[in-house]
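Some notes on the structure that comes next.
Nothing in this text is a laboratory measurement; each read-out follows from the coordinates by a stated rule. Being a predicted model, the structure only gives us computed values, none of them experimental. We place every Cβ from the backbone using ideal geometry, glycine too, and count neighbours over all the protein chains shown.
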Amino acid sequence: MPVTFRKSFRIFPGVRLNINRKSVSITVSKGDGARRTYSSTGRRTTSVDLPGPFGYRKTTTRRSRR
């Protein structure tokens, strides 16, 4: 069984600092259910809680490497 490490700190209301074994990320959330996450590995994630039967949507993009 692998050992995992993950810790999350609330910096300000709506802003979290997330630390895990491989990266550090910042999550900024609004009161309407929308969140944007910026990771040190270049990943950017947008998450939205939609009302009704649509549920939860998530879009992830990676920074292009040159």
The chain, relative contact order in percent, only Cα pairs under 8 angstrom and at least six apart counted: 18 percent
Pop out the ³J(HN,Hα) list for segment 38-53 in order, Karplus 6.51 cos²θ - 1.76 cosθ + 1.60 with θ = phi - 60°, rounded to Hz; leave Gly and Pro as x. 10, 9, 5, 8, x, 7, 10, 10, 10, 10, 9, 8, 9, x, x, x
With no solvent and one point per C-alpha, what does the Debye sum give as log10 I(q)/I(0) for segment 9-66 at q = 0.17, 0.20, 0.30 Å⁻¹? -0.62, -0.80, -1.19
Residue among ASN20, THR41, MET1 farthest towards the positive dipole end of the chain, charges placed on Cβ: THR41
